[in-house]
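Asks: First, the structure itself, so that you have it in front of you.
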Amino acid sequence: MGIMPELPAPMPLPNAVIDMQTSAALLENGQPLKIYFNGPTDQLKAMIAGNLLLDPGMSPHPPHQHPEEEFMLITQGTGELLVDGATYQVGPGSMMYCAGNKTHGITNTGSEKMLFYFWKWMGN
């Protein structure tokens, strides 16, 4: 399934501010997943934004690829990001961009929880 879960057909994104308490709470491989926004925009066919909190030693799923482009921003903890065949050591403030249909994955290799935010989109 990956980070973009199968949800009902979304309505266009509202102009809004959503916090961690009001975002949609899900699980990805047993790890807490928050979805802040999921739907089309004025300029995009699909957009999803959220965060995932990974326990030490965990990944949300094996390395994968999907048609959406994606950014990830690590805000807590340390780990490894695999991006198009290269492995990077990451920590707070590290940001990933991955083009569509390129293999990528993230693993918490540290001793504390790892929190990262993600944004994925498909153009019209």
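The values are calculated or read from the model by the stated rules, or taken from the named source; none is laboratory data. Model, not experiment: these values are computed from the prediction. FYI the Cβ positions are ideal-geometry reconstructions off the backbone, even for glycines, and counts take in every protein chain you see.
Asks: Between Pro5, Pro62, Pro10, which is at pLDDT 95 or above, touching a strand residue (DSSP E or B) at 6+ places or on another chain (Cβ under 9 Å) and either within 18 Å of Lys120 (Cβ to Cβ) or of a type in the set (S, T, N, Q) (or both)?
Replies: Values: Pro5 fails: at pLDDT 95 or above; Pro10 fails: at pLDDT 95 or above.
It is Pro62.
Asks: Still on this structure, please answer the following. Does region 32-39 contain any residue that is farther than 20 Å from Met122 by Cβ and not hydrophobic (A, V, I, L, M, F, W, C)? Break it down stepwise before answering.
Replies: Our first condition is that a residue be farther than 20 Å from Met122 by Cβ; within region 32-39, this holds for 32, 34.
Now drop any that are not not hydrophobic (A, V, I, L, M, F, W, C), which leaves 32, 34.
Looking for residues that are farther than 20 Å from Met122 by Cβ and not hydrophobic (A, V, I, L, M, F, W, C), one finds at least one in region 32-39, hence yes.
Asks: Restricting the search to region 60-81, which residues are surrounded by fewer than 19 Cβ atoms within 10 Å (Cβ to Cβ), closer than 16 Å to Gly105 by Cα and not aromatic (Phe, Trp, Tyr)? Step through it out loud before you land on a result.
Replies: Narrowing region 60-81 to residues surrounded by fewer than 19 Cβ atoms within 10 Å (Cβ to Cβ): 61-67, 69, 71, 73, 75-76, 78, 80.
With the extra rule that they be closer than 16 Å to Gly105 by Cα, the set shrinks to 61-67, 69, 71, 73, 78, 80.
His61, Pro62, Pro63, His64, Gln65, His66, Pro67, Glu69, Leu73, Thr78, Glu80 - these are the residues of region 60-81 that are surrounded by fewer than 19 Cβ atoms within 10 Å (Cβ to Cβ), closer than 16 Å to Gly105 by Cα and not aromatic (Phe, Trp, Tyr).
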